[in-house]
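The values are calculated or read from the model by the stated rules, or taken from the named source; none is laboratory data. Here the structure is a predicted model, which is why all the values come from computation and not from measurement. Counting neighbours? That spans all protein chains shown, and the Cβs are built from the backbone with ideal geometry, glycine included. These accessible areas exclude ligands, DNA and RNA; they are computed on the full protein's heavy atoms, side chains included. Shrake-Rupley method; radii C 1.70, N 1.55, O 1.52, S 1.80 Å.
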Amino acid sequence: MEHLKLAKAGALTVAMSTVAATAQADDLTLCWAAWDPANALVELSKDFEAKSGHTMNFEFVPWPNFADRMLNELNSGGKLCDLLIGDSQWIGGGAENGHYVKLNDFFDANGISMDDFAPATVYAYSTWPKGTPNYYALPAMGDANGWFYRKDWFERDDIKAAFKEATGRELAEPKSQKELLEIAQFFQEREIDGKTVYGAAIFTERGSEGITMGVTGALYPWGFKYENTPGKYDMEGAVNSPEAVEALEFYKEFYKTATPPGYTNSYMGESLDAFKSGQVAMAMNWFAFFPGLYADPNTGGDKIDFFVNPPQNQAGSTLGGQGISVVSYSDKQDAALEYIKWFADPEIQAKWWELGGYSAHNAVLNDPGFVDSQPFAGDFLEAMGAVQDFWQEPAYAELLLAMQKRIHDYVVADQGTAKEALDLLIEDWTEVFEDEGKL
Amino acid sequence: MSERTIDTVAAATPEKVARKIRGLSDRAIAWLFVGPTIFLLLAINIFPLIWTIQLSFTNYKANRVGREVKNIGLRNYERILTDSDIWLNMQATAHFLFWTIFFQVLIGFTLAWLINKKFKGNDLWTTVIVLPMMLSPAVVGNFWKFLYQPQIGLFNYIVSFFTGAEPSSFEMLGQVNLAPWSIVIVDTWMWTPFVMLICLAGLRSIPDYIYEAAEIDRASKLRQFFTITIPMVLPFLMLAVLFRGIENFKMFDLVVQLTGGGPGSTTELTSINLKREAFEKWRTGYASAYAIILFVTVFGLASIYVKALNKVKER
């Protein structure tokens with residue numbers, strides 16, 4: 001009888017512990033933008049669910065509303081997201097306003113080293129203050145602004161001959177920004193297969209970040225700097241340097257002479273549409289979209305090729321991409337950290353790249369087969385070696401919107417000169433930094 | 001009859017409740033009814049207004065919880081009123097307001113006057129004309145964005161048909177000189193039916209015997225129009241102008257869908273600019289001052305206008 005009681009008590013204990021173990025399985029919500037890589041992450045995360053017992057939910061917001069929606073969520077201390085793949089520019093605000101959990105101790109305890117990730121991505125996506133070993137995110141998605149073009153048009157003999165006749169050189173991937181413009185102007189309003197096509201789709205969007213991300217693709221290769229001395233906020237002579245003025249004038253000329261009509265407010269979606277509909281010979285966009293473009297049945301495969309943002313005075317690409325952070329308002333931080341640990345595993349990172357995500361892990365990037373693994377892999381590596389990012393200050397939104405206004409006013413709305421636009425931008429940014437107590 | 005109702009209600013009131021009410025004065029009962037409304041009004045209108053006024057004198061930013069909030073006096077007001085960009089936004093808003101109201105009143109009144117004539121299919125035409133204002137502004141914005149598309153848009157082709165200009169030679173939403181008119185056209189298309197309905201109500205309220213008397217006095221149709229129709233419809237027209245003026249002063253959704261405030265800041269109306277300051281830049285103190293300035297402007301203009309409206313009614 002006593003044995004029976006003991007057996008019952010034992011069974012009860014086992015049952016209780018099973019229940020307890022089940023209760024520890026959490027429903028985690030990961031927030032990110034709604035785009036191709038997000039679908040790859042859903043697929044990848046099934047492995048985490050199987051291994052951890054946690055359930056993954058996803059909140060994907062379209063890009064135009066992503067910053068608004070997520071920053072509102074963070075500012076209100078919302079618990080919607082346990083994990084957030086936030087834009088690189090949010091890291092300052094995320095850290096200073098206490099939205100993100102500092103990950104240093106967690107990394108140390110779990111043997112995650114930031115040396116295992118590409119230095120540019122660690123600097124841009126994880127650290128605050130910039131460059132210090134204070135980590136608030138794990139590099140999740142490396143990205144930069146690159147270019148893609150109609151390879152089938154570039155290879156056509158009639159087009160090649162016409163280009164040679166017009167410019168005196170061979171039609172090929174551009175080696176400089178000025179060559180890029182020349183090619184775009186060559187294709188502008190050209191008849192190809194009975195259809196009028198245009199040079200290139202570039203970013204001109206006004207509302208969020210579009211035109212800034214586009215114009216920096218010209219500014220960085222010309223040698224644009226935000227400050228004369230890093231950390232001093234001394235912008236006069238840097239932001240409005242002669243090189244910056246020339247680059248801005250170049251971008252305006254590009255917009256006026258080599259883009260399709262009506263592209264006054266276009267960003268990622270419009271660029272993809274213009275290319276896929278056969279309207280443009282070239283287009284700029286984030287590397288994140290390149291796997292999808294390559295797989296496109298109409299304009300992908302043999303018809304498309306990719307190139308890194310061409311240099312001018314120097315190499316330079318606009319940084320995209322994001323790090324993954326644990327939201328400090330989450331009640332499930334332990335489970336969220338488990339996800340980070342799982343995600344940092346080199347095997348998972350390799351699978352992430354296979355599925356269409358851009359791993360920033362050295363084990364993936366330095367793999368001898370990486371460059372040939374995708375037609376754009378080599379360009380991605382090259383771009384990540386020369387990326388520059390926008391201000392990552394806590395007041396980044398004010399800084400960004402000021403630039404959106406000044407650049408759009410000059411490039412699209414024809415107001416003032418390039419020098420005036422950049423001078424006004426310095427005034428706006430100075431006001432912001434004064435408010436911040438940094439000037 | 002009413003005494004009977006009162007008796008019935010009194011008899012049906014439970015004794016406990018009746019005893020409590022019996023001790024209350026008329027004033028107390030009045031407060032009992034009005035109290036919840038006043039509480040709600042204070043909670044959702046007056047309190048936020050007072051709080052906004054208070055915030056407008058600070059450097060508060062809603063996204064920077066730990067940041068020290070400093071009282072900066074009239075600095076926000078000074079910055080707003082001396083900011084040339086904000087005056088450009090005000091100009092864009094004034095342009096939008098003036099021309100939308102002008103066209104809506106002109107076309108709305110004309111349509112109402114035509115519809116008021118008894119003809120076959122009168123009701124069908126009224127329904128058809130009223131359709132645009134039943135649509136969501138977001139839908140209308142997207143719909144017109146396609147119509148204005150320089151390569152495939154119907155609008156450009158229609159203009160091209162009449163003028164001979166190449167359809168892709170002009171961009172309604174992308175050109176600085178055309179974008180302000182593009183939003184005026186869409187708002188007029190959408191809201192003219194509203195003005196028409198109000199005018200129609202005014203026209204139908206004019207008794208036929210006045211026109212009959214004028215006919216007997218041999219007043220011409222033109223004279224009848226200017227001495228009977230216009231004066232009697234004027235209060236209705238002014239009401240329509242007031243409604244459209246207030247609505248268009250806070251216009252946001254339609255313009256955001258169409259132009260996003262661009263090109264540059266050409267169509268950035270004050271409401272769009274205010275939203276950017278408050279919820280994108282998170283300059284809460286600054287945006288509060290901005291909102292107070294706009295509130296005072298609208299309130300002041302509306303008060304003057306309502307006084308004028310009352311004078312017209314009294315005539």
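Given +1 at the Cβ of Lys and Arg, -1 at the Cβ of Asp and Glu and no other charges, the dipole of the protein assembly as shown around its Cα centre is 3940 debye to the nearest 20. Averaged per residue, chain A has 39 square angstrom of accessible surface, using a 1.4 angstrom probe with ligands and nucleic acids left out. Under the simplified labelling scheme, the B:Val128-A:Asn228 pair shows an inter-label distance of 7.0 nm, with each label point 7 Å from Cα along Cα→Cβ.
Just checking the listed ones, B:Lys275, B:Lys118, B:Lys20: in the Gaussian network model of chain B with Cα springs under 10 Å, the one fluctuating most is B:Lys20.
Note every residue of the range B:247-273 with a reduction of at least 40 square angstrom in accessible area, all protein chains present versus the isolated chain, computed with a 1.4 Å probe, or write none. Buried on complex formation: B:Gly264, B:Ser265.
Using θ = phi - 60° in the Karplus curve 6.51 cos²θ - 1.76 cosθ + 1.60, the 3J(HN,Hα) couplings for the range A:228-241 round to 6, 10, x, x, 9, 6, 8, 8, 4, x, 9, 5, 10, 5 Hz; x is entered for Gly and Pro. Rolling a 1.4 angstrom probe over the protein heavy atoms with all chains in place gives the range B:206-315 an accessible area of 51 Å² per residue. With respect to the cross-link table entries A:Lys130/A:Lys341; A:Lys276/A:Lys351; A:Lys151/A:Lys256; A:Lys175/A:Lys256; B:Lys145/B:Lys281; A:Lys256/A:Lys351, which display a Cα-Cα separation exceeding 31 Å? Long pairs (Cα-Cα over 31 Å): A:Lys256/A:Lys351.
If you find the alpha carbon centre of the range A:160-214 and of the range B:150-175, how far apart are they in angstrom? The range A:160-214 and the range B:150-175 have Cα centres separated by 24 Å. Distant-in-sequence amide contacts of A:Asn134, defined by a placed amide H-H separation under 5 Å and a gap of 5 or more residues or a different chain, comprise A:Trp128. Evaluating 6.51 cos²θ - 1.76 cosθ + 1.60 at θ = phi - 60° for every residue in the range B:148-153, the Karplus couplings come out as 8, 4, x, 9, 10, x Hz, glycine and proline recorded as x. Buried accessible area for the B:A pair, summed, 1.4 Å probe, in Å² rounded to 100? For chain B against chain A, roughly 2400 Å² becomes buried. Shielding of peptide B:170-180 by partners, expressed as the average count of other chain Cβ atoms within 10 Å per residue Cβ, is 3.
Rank B:Thr270, B:Thr259, B:Thr127 by mean-square fluctuation in a GNM of chain B with C-alpha springs under 10 angstrom and give only the top-ranked residue. The residue with the greatest mean-square fluctuation here is B:Thr127. Summary of the geometry: the range A:239-255 and the range B:230-302, compared by the centres of their Cα atoms, lie 35 Å apart. Take each residue of peptide B:58-64, count the partner chain Cβ atoms within 10 Å of its Cβ, and average: the result is 4. Close amide H contacts of A:Val61 (hydrogens built in the peptide plane, cut-off under 5 Å, sequence separation of 5 or more or a different chain): A:Trp32, A:Ala33, A:Ala34. With all pairs of different C-alpha atoms in the average, the Kirkwood value for the hydrodynamic radius of the protein assembly as shown is 30.3 Å. Amide H contacts of A:Thr55: A:Asp26, A:Asp27, A:Leu28, each under 5 Å away and 5 or more positions distant or on a separate chain (H built 1.01 Å from N in the peptide plane; Pro and chain starts excluded). Interface residues of the range A:175-217, defined as those with an accessible-area decrease of at least 50 Å² between the chain by itself and the complete set of protein chains (probe 1.4 Å), are A:Arg206. The convex hull built on the alpha-carbon positions of the range A:142-183 has an orientation-averaged projected area of 3.4 nm².
Derived from the Cα gyration tensor, the three semi-axes of the equivalent ellipsoid of the range B:83-314 are 36, 25, 14 Å, largest first. Here the accessible area is traced with a 1.4 Å probe on the protein chains. For the protein assembly as shown, carbon and sulfur cover 61 percent of it. In the range B:15-55, the alpha-carbon atoms span a convex hull of 74 Å³ per residue.
Take every DSSP beta bridge with both residues inside the protein assembly as shown and express the antiparallel ones as a percent of the total, to the nearest 5. About 65 percent, rounded to the nearest 5. Give the calculated FRET efficiency between B:Lys117 and B:Ser303 to the nearest 0.05, with a Förster radius of 30 Å applied to their Cβ-Cβ distance. In this case the efficiency is close to 0.20.
Which residue fluctuates the most in chain A, going by a Gaussian network model with Cα springs under 10 Å, if the choices are A:Pro368, A:Pro242, A:Pro394? Among A:Pro368, A:Pro242, A:Pro394, the largest GNM mean-square fluctuation belongs to A:Pro368.
Sequentially through the range A:149-159, phi angles give Karplus couplings (6.51, -1.76, 1.60; θ = phi - 60°) of 8, 7, 4, 5, 6, 4, 9, 6, 4, 5, 6 Hz, Gly and Pro residues having no value and appearing as x. A:Phe117 exposes around 10 Å² of accessible area when a 1.4 Å probe is run over every protein chain in place.
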